[in-house]
């Protein structure tokens with residue numbers, strides 16, 4: 001069962017790390033990773049997101065024509081998700097939406113920690129549009145660039161952990177969604193350091209793909 005994981009930005013290393021995470025999360029599926037080489041280097045807010053959509057849709061059409069049984073868009077902003085669904089002949093899953101569904105099943109209250117402030121309003125809008133505002137009531141930025149986060153630096157881990165600690169102290173929230181595909185580089189260490197339940201969108205989307213495609 002072929003699942004095409006498409007990274008809407010042009011950073012190949014982010015595609016590779018997301019692909020490894022997806023394969024580990026759903027061993028039964030055949031994941032194929034594609035990078036949008038004509039997209040922006042990273043997606044940090046609505047302007048980058050809009051710029052990434054045209055080349056992303058080219059890849060979505062190609063994946064669909066190649067017989068993809070599902071497509072994952074590996075950007076937490078769910079960039080181009082509705083447009084991709086309109087042209088694909090298979091399910092299209094955004095890693096943001098997948099993580100929201102998983103978080104709502106696990107807890108009445110969760111929070112999102114994302115990279116930069118420009119991403120916050122995009123994510124808040126997606127949460128509200130999908131009806132998860134009550135369960136996912138907090139979205140905050142760690143003020144870490146996507147490139148730094150995807151490199152898994154100690155500073156990125158420290159900033160994400162500090163934001164989580166502050167949210168927990170203020171809101172008593174113990175479940176956190178790491179709001180960037182690049183966050184898979186710090187997920188394990190974030191959980192070990194904070195002790196909180198952690199959700200990453202790539203794992204959520206891979207497992208949701210398996211649930212959708214599993215045959216009797």
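The values are calculated or read from the model by the stated rules, or taken from the named source; none is laboratory data. As the structure is a prediction and not an experimental result, all values here were calculated from the model. So basically every Cβ, Gly included, is an ideal-geometry build from the backbone, and we count neighbours across all protein chains shown.
Let's see how each residue does on (1) surrounded by 19 or more Cβ atoms within 10 Å (Cβ to Cβ); (2) over 19 Å from residue 12 (Cα atoms); (3) touching a residue at least 40 places away in the same chain (Cβ under 8 Å):
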{"residue": "144", "(1), (2), (3)": "yes, yes, no"}
{"residue": "148", "(1), (2), (3)": "no, no, no"}
{"residue": "156", "(1), (2), (3)": "yes, yes, no"}
{"residue": "162", "(1), (2), (3)": "no, yes, no"}
{"residue": "167", "(1), (2), (3)": "yes, yes, yes"}
{"residue": "170", "(1), (2), (3)": "no, yes, no"}
{"residue": "177", "(1), (2), (3)": "yes, yes, yes"}
{"residue": "180", "(1), (2), (3)": "yes, no, yes"}
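For the stretch 50-99, the set of residues classified as on the phi > 0 side of the Ramachandran plot and crowded, with 24+ Cβ neighbours inside 10 Å consists of 78, 80, listed by residue number. Residues in the stretch 121-133 that are touching a residue at least 24 places away in the same chain (Cβ under 8 Å) and farther than 17 Å from residue 201 by Cα: 121 only.
Residue check: residue 121 meets all listed conditions (1) on the phi < 0 side of the Ramachandran plot; (2) in contact with a helix residue (DSSP H, G or I) (Cβ under 8 Å, 6 or more places away or on another chain); (3) surrounded by 16 or more Cβ atoms within 10 Å (Cβ to Cβ) but one, namely (3).
Checking 84, 118, 111 one by one, the residue that is touching a residue at least 12 places away in the same chain (Cβ under 8 Å), more than 12 Å from the chain's Cα centre (by Cα), in a helix (DSSP H, G or I) and not assigned by TED's automatic domain parsing to the domain that holds residue 14 is 118 and no other. Being touching a helix residue (DSSP H, G or I) at 6+ places or on another chain (Cβ under 6 Å) and either buried (at least 22 other Cβ atoms within 10 Å of the Cβ) or over 18 Å from residue 81 (Cα atoms) (or both) is the requirement here; does residue 213 meet it? No, not satisfied. Is it the case that some residue within the stretch 91-103 is out of contact with any helix residue (DSSP H, G or I) (no Cβ under 6 Å at 6 or more places or on another chain), over 22 Å from residue 186 (Cα atoms) and either modelled with pLDDT of 95 or more or assigned to a loop (DSSP other than H, G, I, E, B) (or both)? No.
Restricting attention to the stretch 191-210, the residues being crowded, with 18+ Cβ neighbours inside 10 Å and either within 11 Å of the chain's Cα centre (by Cα) or on the phi > 0 side of the Ramachandran plot (or both) number 8.
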